[in-house]
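Following: one structure in structure tokens, then a few remarks.
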Amino acid sequence: MSISSLSHLREAERARRIIIKVGSALLVDRDGMPRRAWLESLVDEVAALKSAGQDVVIVSSGAIALGAFRLGLEGGGRKTLADAQAAASVGQVALASLWAELLLRHDIIAAQMLLTLDDLEDRRRYLNVSATLARLIEAGAVPVINENDSVATEEIRFGDNDRLAARVGQAAGADAVILLSDVDGLYDGAPSSEGAQLIAKVDGVTPQIMALADTRSSSGMGSGGMVAKLQAAKIAERAGMALAIIGGRIRSPIAQACENDHGTLFLAQRRDGPRKAWLGGRIAPAGRIVIDRGCAEALSGGASLLAPGIERIEGDFERGDLLSVIDEKGEPVGQGLSEYGSDDLRAIAGKGQGEQEALLGYTPRSAVIHRDHWVSA
């Protein structure tokens, strides 16, 4: 049974396993203190979901905000990378303690997991994360996950917990992802503008839907925005997961959204196999290939990517690295794992099979990106 309405999120038959993402602005007030009464109401909901037979994984922001208050750092701990890392180091302790305390009131054990981008981009580490989540859930614990901002840098980080939540959903084999936010869904215009309408349901994140995104985080406390949420929805929809954006400022936000049907639900579009879903959800390509129209058409028909259709190579990368592929107009075609390093690929780009061996000095591989290592956009 598929998830086709917000009310289905509280039905174990349709949503056996759900990811709940909590934004910083919901968990921490502007003075840097936890919003305990609100958080207690959410933990009550988590306990009710578990009692109904649903598995719950929490992706929680808030470490930097909590740590910045305790260290007395200006700008919410985000003025410099060093400030953010220091604030996260202190805040992660406070955040884990807070969740553990409140969940224990319902006899639920909290388990902390701090992840980096590489933990989910690298296949072996991704499988380790998946196995750990499975065992924790089997044991009855509620994993509480955050990005490990104490060691993450601008180059190797998610930068928002929306996409992290979707990737964790893939690793956990979840049915749905709930993004609790300081906005109550996707609007057809700026939410503050007169006449803007909430979009109740999205059947596929198209370029037109992406164009509606507001890149700002209205609280100034978090690092995400509507763009990150839509990117998370794209990751979720290809893995067979529904994703909901609902307003989190009210108490018991999940129950309120489900009962009042208020929020935006993004429907699952397809369920790729586990490896393809992981590959399609990766967000840090090492380089980019521009291809011609004929090559794009061949890829859409299930072919592998071959050198003659390549027009341009961007970036420096090694064999096995992730590459994004775009067409002549700059539109995304897909992404996959390269069979060549960037130097060799530049040498044979646009060349026929007969020319490639002389240019490479060895027998060319069957494809630049094999269809088994490829996912379309």
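In segment 185-205, the qualifying residues are those that are in a loop (DSSP other than H, G, I, E, B) and modelled with pLDDT of 90 or more, and the one that is surrounded by the most Cβ atoms within 10 Å (Cβ to Cβ) is LEU186.
Condition check for ASP107 on (1) part of a loop (DSSP other than H, G, I, E, B); (2) of a type outside the set (A, V, I, L, M, F, W, C); (3) modelled with pLDDT of 95 or more; (4) closer than 24 Å to ALA228 by Cβ: one failure, at (4). Scan VAL46, VAL93, VAL57 and give me the residue that is β-branched (Val, Ile, Thr) and surrounded by fewer than 18 Cβ atoms within 10 Å (Cβ to Cβ). None of the other options fit; the residue is VAL93. Screening GLY263 on (1) at positive phi; (2) out of contact with any Asp or Glu (no Cβ under 7 Å at 6 or more places or on another chain); (3) surrounded by 17 or more Cβ atoms within 10 Å (Cβ to Cβ); (4) not polar (S, T, N, Q) shows it passes everything except condition (2).
Of everything in segment 149-183 that is touching a strand residue (DSSP E or B) at 6+ places or on another chain (Cβ under 9 Å), modelled with pLDDT under 90 and not aromatic (Phe, Trp, Tyr), the residue that is farthest from LYS21 (Cα to Cα) is VAL151. Take ASP149 and decide whether it is part of a loop (DSSP other than H, G, I, E, B) and touching a residue at least 60 places away in the same chain (Cβ under 8 Å). Considered against the rule, which asks whether it is part of a loop (DSSP other than H, G, I, E, B) and touching a residue at least 60 places away in the same chain (Cβ under 8 Å), ASP149 comes out as yes. Among the residues making up segment 306-329, those that are in contact (Cβ under 8 Å) with a residue 60 or more places away in the chain and either outside any strand (DSSP E or B) or over 25 Å from GLN231 (Cα atoms) (or both) are LEU306, ALA307. Residues in segment 36-45: is at least one of a type in the set (Val, Ile, Thr), in contact with a Leu (Cβ under 6 Å, 6 or more places away or on another chain) and either part of a helix (DSSP H, G or I) or over 30 Å from LEU337 (Cβ atoms) (or both)? Checked segment 36-45: at least one residue is of a type in the set (Val, Ile, Thr), in contact with a Leu (Cβ under 6 Å, 6 or more places away or on another chain) and either part of a helix (DSSP H, G or I) or over 30 Å from LEU337 (Cβ atoms) (or both).
Among the residues of segment 117-140, are any at pLDDT 95 or above, more than 20 Å from ALA228 (Cα to Cα) and part of a loop (DSSP other than H, G, I, E, B)? Yes, the conditions are met somewhere in segment 117-140. Here ILE64 passes the criteria (1) of a type in the set (A, V, I, L, M, F, W, C); (2) touching a Ser or Thr at 6+ places or on another chain (Cβ under 7 Å); (3) crowded, with 22+ Cβ neighbours inside 10 Å except the one numbered (2).
Return the only residue of ALA303, ALA233, ALA244 being among the hydrophobic types (A, V, I, L, M, F, W, C), part of a strand (DSSP E or B) and in contact (Cβ under 8 Å) with a residue 60 or more places away in the chain.
On the way: ALA303 fails: part of a strand (DSSP E or B); ALA233 fails: part of a strand (DSSP E or B).
Of the residues listed, the single one that is among the hydrophobic types (A, V, I, L, M, F, W, C), part of a strand (DSSP E or B) and in contact (Cβ under 8 Å) with a residue 60 or more places away in the chain is ALA244.
Conditions (1) touching a Cys at 6+ places or on another chain (Cβ under 6 Å); (2) surrounded by 14 or more Cβ atoms within 10 Å (Cβ to Cβ); (3) outside the structural domain of ALA232 (by TED's automatic domain parsing); (4) within 30 Å of TYR126 (Cα to Cα), marked per residue:
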site	(1), (2), (3), (4)
ILE289	no, yes, yes, yes
GLY294	no, no, yes, no
ALA298	no, yes, yes, no
LEU306	no, yes, yes, yes
PHE317	no, yes, yes, yes
LEU323	no, yes, yes, yes
ALA349	no, yes, yes, no
GLU357	no, no, yes, no
ARG365	no, yes, yes, yes
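Of the residues making up segment 1-35, those that are in a loop (DSSP other than H, G, I, E, B) and under 30 Å from ALA68 (Cα atoms) number 7.
I need the full set of residues from segment 1-11 which are among the aliphatic types (A, V, I, L, M) and more than 27 Å from SER61 (Cβ to Cβ), in order please.
Of segment 1-11, the ones among the aliphatic types (A, V, I, L, M) are 1, 3, 6, 9.
Selection gives MET1 alone.
The single condition among (1) out of contact with any His (no Cβ under 6 Å at 6 or more places or on another chain); (2) free of Cβ contacts under 8 Å to residues at least 60 places away in the same chain; (3) not in a loop (DSSP other than H, G, I, E, B) that TYR340 does not meet is (3).
The values are calculated or read from the model by the stated rules, or taken from the named source; none is laboratory data. Please read all numbers here as calculations on a predicted model, not as lab measurements. As a convention, Cβ positions derive from the backbone with ideal geometry for all residues, glycine included, and neighbour counts pool all protein chains shown.
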